[in-house]
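One structure is given here, and the rest of the page talks about it.
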Amino acid sequence: MPELSPAGPQPAPVAVHVGDWGWRHAGRNAWAVRGLSLSIEPGERVLLLGASGAGKSTLLAGLAGVLGGDDDGEAEGDLRVDGRSPAEARGRSGLLLQDPDAQVILARVGDDVAFACENLGVPRDELWSRVRWSLGAVGLGLPLDRSTAQLSGGQKQRLALAGLLAMRPGLLLLDEPTANLDPEGAREVRDAVSAVLERTGATLIVVEHRVAVWRDLVDRVIVLDSAGGVLADGAPEAVLADTAGRLREAGVWLPDEPVPAARPVAPGAPLLEARSLAVGRPPLFAGRRARRSRVSANLLAHALPFRADVSVAEGSALALTGPSGVGKSTLALTLGGLMPALGGALAAAPALAGDADTDPGGWRSRELLTRIGTVFQNPEHQFIASTVRDELAAGPRALGLPAEEIAERTEQLLEALALLALADANPFTLSGGQKRRLSVATALATRPRLLILDEPTYGQDANTWRRLVDLIAGLRGEGHAVVAATHDAEFAAAIGAGELRLDAAREAVA
């Protein structure tokens, strides 16, 4: 862990006051959060828990002053940061969003980390000292001129946190900062936050579904009630001991919770076979002049491939594991026919290809619908409709299914993944966990033989996590195959997945 640079003034910790506060997104009947009252003293370290959709992310966005104006939604009650409205106190708080893509602004790593500091008027010499420390603190050992477009989701999450730490705000607002990181990366991020808190005394509010990562760092746990208000509030050990039953019902991940046993499934006919598959992200620029440029050379260097052997059969499940940034998402997209292979062989067996070509990379979108369904790491990248119900119906409609069957499939998925109450909501106004479940549901709506999932359990509370596990285990029993890029070892165990691990040298290890 690098030492915190002594340059520059240290921030004063921030006090937070929430008085009967609520927020409702424009066009929504239900309030995202309502009737919430609490106070946080300067320097307190708070772990904010609650079910998926309870309003945790909404509260953090409100405290950061980024919820928007009257056109974006309706607010009630009082929200104060150091006695002022959050909009007036901007710069005193720093927010790490659930979606790291939403916080990547500039094209190069160093410039992106420096962006907020530049806006705060930090002197140049001090600024770059902060940038280098912040990148080291989150374990992102990348050149300052590395293209941000070439980073993985987990790397972007660390980049966003580095930019936040460089600001040295008096209030740190972290929305699931370790959700897309491998266990070592999660520890690095937690240790980086701990180092900043020890040096600055800043106030911390961190949202996570799993308690274990942050339990020893925080001195207070607040649990939001999905029905409004606060379900529990107090010292970590007292809250976890005294209210364990209520917390479990609310979907809070309690330490040492048992993982459900996987149901045994006998593999069926082969579906997809990859041999010495060379995988990498191609350069953004393909022109001859661009290839001669330094930028293009950097991208080509980042695109150096690794090779993998993969076999997928009916009813099988395979977990792609390894450190953040090693290429799990790239391999998943290649297996799903959405990114070209750089070498080797990838072929679909007759049970999957049917009358289509054996190369999934050559399939049209309509041919993919019932064969391979892919869930991206960022759910918003695949939303195309203005309501949750229409989002689920889009794929079946493209297949030309009868209206009655479309309605039946849609209702089943809404019910199975706890989205029924949100059927008429805009997908982009959902919580991070709700967006993730919707993205999985949209892939399932066309009932593909092979399901490719990228971090499918991101943002889920314990109850919605079990719904996903039950649904995927049921699909395996029906002969569908699952390939998941994931850091969630419990999820892989619960669905009975085999493991293909990619190491830092970019080799696939079965």
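Every number in this text was worked out from the coordinates using simple rules, so none of it is lab data. All of these numbers come straight from a predicted model, not from anything done at the bench. Don't worry about glycine lacking a Cβ; one is built from the backbone with ideal geometry, like all the others, and counts go over all protein chains shown.
Here's how it looks for GLY344: its modeled amide H is under 5 Å from those of ALA278, which are all 5 or more places away or on a different chain. Amide H contacts of LEU502: THR321, GLY322, VAL509, each under 5 Å away and 5 or more positions distant or on a separate chain (H built 1.01 Å from N in the peptide plane; Pro and chain starts excluded). As a proxy for reagent exposure, ranking PHE491, PHE428 by other Cβ atoms within 10 Å from fewest up yields PHE428, PHE491. Note that the stretch 465-476 has calculated 3J(HN,Hα) couplings of 4, 5, 4, 5, 4, 4, 5, 5, 4, x, 5, 4 Hz, one per residue in order, obtained from phi through the Karplus relation 6.51 cos²θ - 1.76 cosθ + 1.60 (θ = phi - 60°); glycine and proline are x. Across the stretch 99-168, C-alpha contacts under 8 Å between residues 6 or more apart give a mean separation that, scaled by the residue count, equals a relative contact order of 51 percent.
Positive-end ranking of LEU430, PRO11, GLY185 along the dipole of the chain, with charges on Cβ about the Cα centre, is headed by GLY185.
Angle of helix 183-200 to the longest C-alpha principal axis of the chain, folded into 0 to 90 degrees and rounded to 10: 10°.
With the highest mean first, a sort of the peptides 355-362, 131-138 on other beta-carbon atoms found within 10 angstrom per residue produces 131-138, 355-362.
When log10 I(q)/I(0) by the Debye sum over Cα atoms at q = 0.09, 0.13 Å⁻¹ is calculated for this entry, the matching label among [x] -0.65, -1.34; [y] -1.00, -1.53; [z] -0.58, -1.21 is [x]. For LEU174, the residues whose amide H sits under 5 Å from its own are LEU96, ILE205, VAL206, VAL207, ignoring neighbours fewer than 5 places away on the same chain, with H placed 1.01 Å from N. Net charge within 14 Å of ASP70 by Cβ-Cβ distance, Lys/Arg positive one each and Asp/Glu negative one each, not counting ASP70 itself? Net charge around ASP70: -3.
Separation of the stretch 110-170 from the stretch 222-261 is 34 Å, based on Cα centroids.
Neighbour counting of Cβ atoms within 10 Å sorts the residues HIS25, HIS487, HIS17, fewest neighbours leading, into HIS17, HIS25, HIS487.
Computed over neighbours whose Cβ is under 12 Å from that of GLY27, the net charge equals -2, Lys and Arg +1, Asp and Glu -1. Couplings 3J(HN,Hα) of the stretch 250-264, computed from phi: 7, x, 6, 6, 8, x, 6, 5, x, 8, x, 6, 6, 7, x Hz, in residue order, whole Hz [Karplus 6.51 cos²θ - 1.76 cosθ + 1.60, θ = phi - 60°; x for Gly and Pro].
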